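The values are calculated or read from the model by the stated rules, or taken from the named source; none is laboratory data. All values reported here derive from a predicted model rather than from experimental measurement. Please note: Cβ atoms are built from the backbone with ideal geometry, for glycine as well, and neighbour counts cover all protein chains shown. Side chains are part of the model used for accessible areas, which takes the heavy atoms of the whole protein and leaves out ligands, DNA and RNA. Shrake-Rupley method; radii C 1.70, N 1.55, O 1.52, S 1.80 Å.
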Amino acid sequence: METMTLQVDTSAVEAAKMDVVKRADALSVITESDYQGAADMLLTINTVSKKVDETFDPAIDAAHEAHRVAIATKKKFSEPLNAAERTVKGKMSSWSMEQEKVRAAEQDRLRQIAYREAEDKRLAEASKLEAAGRKEEAMQTLDAPIVAAPVVMAPAVPQAQGIAMKKVWKWEAENLDLIPRAYLMTDDAKIGGVVRAMRGETSIPGIRVYEESSVSARGY
């Protein structure tokens, strides 16, 4: 795949960037005078950053617009196809689940028949033993667990070529009060909004509010 190159003259901002980075790396803040020098350095960085924005933003904006148009055009084709795919998948899934219910019901019916046949066989055997005067063996036969022939039916849904059917387990909350704390998450956006509004007066149980300093520079 061919790599795209940005057609922008970067020579001016490249030189300014290298100079600023070199000066920032060499900067030491030990005295009050150094601190003021660092503040001036921030303003210089801010000015160079604006030049970088002016150099690259037009090309970036043009690329974003081209990307937006391409995405919007593609959606005209892809979204109807995606909707059609969801429709077909939904119909296949509904049919598959219905067939599985039928299969499970039939399998349960056959298992009950097998159980009753095993039970009848046990009773007949016990009766035969009792008629032969072997009452103890007859009682042992009646006390023994019923062992029915296993019944396992094949899947009801045929395997279609090129299609894979899998079961997906999902969930929904039934009672929020019963959900263990380990599965709950804090609402970062809501808590952050309260903290920014109330600052040091914030009072939320279980939340510690603290302050940090942030340095910013404004260009002239």
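Out of 101, 167, 135, report the one residue that is among the basic types (Lys, Arg), open to solvent by 100 Å² or more (accessible area, probe 1.4 Å) and in contact with a helix residue (DSSP H, G or I) (Cβ under 8 Å, 6 or more places away or on another chain). Spell out how you get there, then give the answer.
Values: 101 fails: in contact with a helix residue (DSSP H, G or I) (Cβ under 8 Å, 6 or more places away or on another chain); 167 fails: in contact with a helix residue (DSSP H, G or I) (Cβ under 8 Å, 6 or more places away or on another chain).
Checking each option against the conditions leaves just 135.
Examine the stretch 141-149 for a residue that is modelled with pLDDT of 90 or more, in a helix (DSSP H, G or I) and either within 24 Å of residue 166 (Cα to Cα) or of a type outside the set (A, V, I, L, M, F, W, C) (or both), and state whether such a residue exists. Spell out how you get there, then give the answer.
Just the residues of the stretch 141-149 that are modelled with pLDDT of 90 or more, to begin with: none.
No, there is no match, as no residue in the stretch 141-149 is modelled with pLDDT of 90 or more, in a helix (DSSP H, G or I) and either within 24 Å of residue 166 (Cα to Cα) or of a type outside the set (A, V, I, L, M, F, W, C) (or both).
Would you call residue 92 closer than 24 Å to residue 155 by Cα, hydrophobic (A, V, I, L, M, F, W, C), surrounded by 10 or more Cβ atoms within 10 Å (Cβ to Cβ) and out of contact with any helix residue (DSSP H, G or I) (no Cβ under 9 Å at 6 or more places or on another chain)? Walk me through it before giving the result.
Values: closer than 24 Å to residue 155 by Cα: yes; hydrophobic (A, V, I, L, M, F, W, C): yes; surrounded by 10 or more Cβ atoms within 10 Å (Cβ to Cβ): yes; out of contact with any helix residue (DSSP H, G or I) (no Cβ under 9 Å at 6 or more places or on another chain): yes.
Considered against the rule, which asks whether it is closer than 24 Å to residue 155 by Cα, hydrophobic (A, V, I, L, M, F, W, C), surrounded by 10 or more Cβ atoms within 10 Å (Cβ to Cβ) and out of contact with any helix residue (DSSP H, G or I) (no Cβ under 9 Å at 6 or more places or on another chain), residue 92 comes out as yes.
Taking residue 73 as the residue in question, decide whether it is part of a helix (DSSP H, G or I), polar (S, T, N, Q) and open to solvent by less than 50 Å² (accessible area, probe 1.4 Å). Full working, then the answer.
Numbers: part of a helix (DSSP H, G or I): yes; polar (S, T, N, Q): yes; open to solvent by less than 50 Å² (accessible area, probe 1.4 Å): no.
Taking the combined requirement at face value, the residue does not satisfy it.
Conditions (1) at pLDDT 95 or above; (2) hydrophobic (A, V, I, L, M, F, W, C), marked per residue:
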site: 2; (1), (2): no, no
site: 20; (1), (2): no, yes
site: 38; (1), (2): no, yes
site: 52; (1), (2): no, yes
site: 71; (1), (2): yes, yes
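Being of a type outside the set (Val, Ile, Thr), in contact with a helix residue (DSSP H, G or I) (Cβ under 8 Å, 6 or more places away or on another chain) and either part of a helix (DSSP H, G or I) or open to solvent by less than 60 Å² (accessible area, probe 1.4 Å) (or both) is the filter here, so list the residues in the stretch 25-70 that pass it.
Taking the stretch 25-70 and keeping what is of a type outside the set (Val, Ile, Thr), we get 25-28, 32-43, 46, 49-51, 53-54, 56-59, 61-68, 70.
With in contact with a helix residue (DSSP H, G or I) (Cβ under 8 Å, 6 or more places away or on another chain) added as a condition, the list becomes 27-28, 41, 51.
Within the stretch 25-70, 41, 51 qualify.
Show the residue pairs meeting these rules: Cβ distance below 9 Å; 6+ apart or different chains; first residue within the stretch 185-200 and on the phi > 0 side of the Ramachandran plot; second residue modelled with pLDDT under 90 and open to solvent by 70 Å² or more (accessible area, probe 1.4 Å).
199/211
Taking residue 17, is it of a type in the set (D, E, K, R), assigned to a helix (DSSP H, G or I) and surrounded by 13 or more Cβ atoms within 10 Å (Cβ to Cβ)?
Working: of a type in the set (D, E, K, R): yes; assigned to a helix (DSSP H, G or I): yes; surrounded by 13 or more Cβ atoms within 10 Å (Cβ to Cβ): yes.
Yes, satisfied.
When you go through (1) over 30 Å from residue 40 (Cβ atoms); (2) in a loop (DSSP other than H, G, I, E, B) one by one for residue 197, which number turns out not to apply?
(2)
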